[in-house]
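The values are calculated or read from the model by the stated rules, or taken from the named source; none is laboratory data. A quick note: this is a predicted structure, and the numbers were derived from the prediction, not measured. Heads up, the Cβs are rebuilt from the backbone with ideal geometry, glycines too, and the neighbour counts pull from every protein chain shown.
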Amino acid sequence: MDINKIQDIVKQDGIVFLTYGGFLSQALISGMTEALEQEAAGSELNMGDANDIFTIFIELSQNMMNYSKNKDKDEFKSEGLILVGKDENSYYIHSQNIIALKDKEKIEPKLEEIETLTRDGIKKRYRELRRSGKDKHGKGGGIGFYEIAKRCSKIEYSFTPINDDRFYFHFQATINTKKDKN
């Protein structure tokens, strides 16, 4: 691995608070969340933005932990890459992991729906899903993407094919530091 690539990201995108690539566990996610909390306490980050960052970080980490697949074999592999950083006007959380085609087919329609909704529409859909119990903690990315979308100002995602049944799933949530996040 070329550490200069990470340094280039820092120069281009601003401050990187946390970056991790590899095996994920609940204990590791908890430890990284504590590190983010300490970083937030030492910066000018307000409590609302801090809570949004923590929630998005946890949602994305748990998705990676629960749904990541092995690149070549038909088996589960709990690993991924996550990065939390700050540029001039926003905070961002990037994640990347390998998913199966069947999970892509579950996730993509939800993300496409989120892209069509207004901020109020996202909140309304989130409440509908919570009340119905549909997609709550279900495999394949459920209500968590709506939770992320209502806490950030912008989401971006892509699915890059590896082979017929595997994709790199890249996701980015951006949280504007300005009061008006619309």
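For the reader, a short list of remarks on this structure follows.
- With respect to the conditions (1) exposed (fewer than 15 other Cβ atoms within 10 Å of the Cβ); (2) touching a Phe, Trp or Tyr at 6+ places or on another chain (Cβ under 6 Å), ILE99 falls short on a single one, namely (1).
- Residue satisfying condition, being in a helix (DSSP H, G or I) and of a type in the set (A, V, I, L, M, F, W, C), within set ILE82, ILE98, ILE114: ILE114
- Scanning the stretch 92-116 for residues that are touching a residue at least 40 places away in the same chain (Cβ under 8 Å) and under 22 Å from ASP52 (Cβ atoms) gives TYR92, ILE93, HIS94, SER95, GLN96, ASN97, ILE107, LEU111, ILE114, GLU115.
- Checking each residue in the stretch 34-60 for being surrounded by 17 or more Cβ atoms within 10 Å (Cβ to Cβ) and modelled with pLDDT under 80 picks out LEU36, GLU39, ALA40, LEU45.
Quick grid of which residues meet (1) β-branched (Val, Ile, Thr); (2) surrounded by fewer than 16 Cβ atoms within 10 Å (Cβ to Cβ); (3) at pLDDT 95 or above:
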position: TYR126; (1), (2), (3): no, no, no
position: LYS136; (1), (2), (3): no, yes, no
position: LYS139; (1), (2), (3): no, yes, no
position: ILE155; (1), (2), (3): yes, no, yes
position: ILE162; (1), (2), (3): yes, yes, no
position: ASP165; (1), (2), (3): no, yes, no
position: PHE169; (1), (2), (3): no, no, no
position: LYS179; (1), (2), (3): no, yes, no
